[in-house]
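Coordinate-derived values only; no laboratory data. The structure displayed is predicted, hence computed values, not measured ones. In this analysis, Cβ positions are derived from the backbone assuming ideal geometry, glycine residues included, and neighbour counts consider all displayed protein chains.
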Amino acid sequence: MSKEKTGFVRTVSFAVLALVGIAVIWFWVLSGRAGAGMIAPKPVYYEMEPVVVNVSRTGASNRYFKVKPVLVVSHDSSFKEIKHYSPVIRSRLIALYSRESVEGLLAEDGFDSLREKSLAEVHGVIGSNDGVHSVSEVLFNEYVIQ
């Protein structure tokens, strides 16, 4: 074969391979497979029973504090473990909330601070697997001081 024919065959072969590659990538993107493994799973929510405790108030009588914690769980498989430990979690949260003061709860960062403390208590009960906790956040559906 002459050098011209060999160069032409290589060019055509390269063009065909490039078109096939583009077609495969195009199909992969349109079929929804691109990045499918990179999508984070949707969180699942575990609603706990409301907790009602007395909280102290400087120079006045105690007040009631009612909160309904919701645990943000990374996946469904953790629900069984959370349900198993829910009495221990509830007990630890009751103890935590009972130590709070009205002033602390009403402070500007009181709400967020209590959520962080609650998460630390939950993590103290439910350990981590390979450094990843199954509960990523604690939310409050109710937060009442009376």
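Miscellaneous remarks
- Filtered GluC sites (Glu not before Pro), the range 51-139: DSSP coil and at most 12 other beta carbons within 10 Å: GLU108
- Model label sites at LYS68 and HIS84, defined 7 Å from Cα along the beta-carbon direction, differ in position by 2.8 nm.
- For the range 67-77, 3J(HN,Hα) per residue [Karplus equation, 6.51 cos²θ - 1.76 cosθ + 1.60, θ = phi - 60°, Hz, x = Gly/Pro]: 9, 10, x, 10, 8, 8, 9, 6, 7, 4, 5
- Cα-only Debye scattering, the range 49-109: base-10 log of I(q)/I(0) at q = 0.16, 0.24, 0.27, 0.29 Å⁻¹: -0.61, -1.00, -1.14, -1.23
- Over the range 44-145, the alpha carbon radius of gyration divided by the compact-protein estimate 2.2 N^0.38 Å works out to 1.10.
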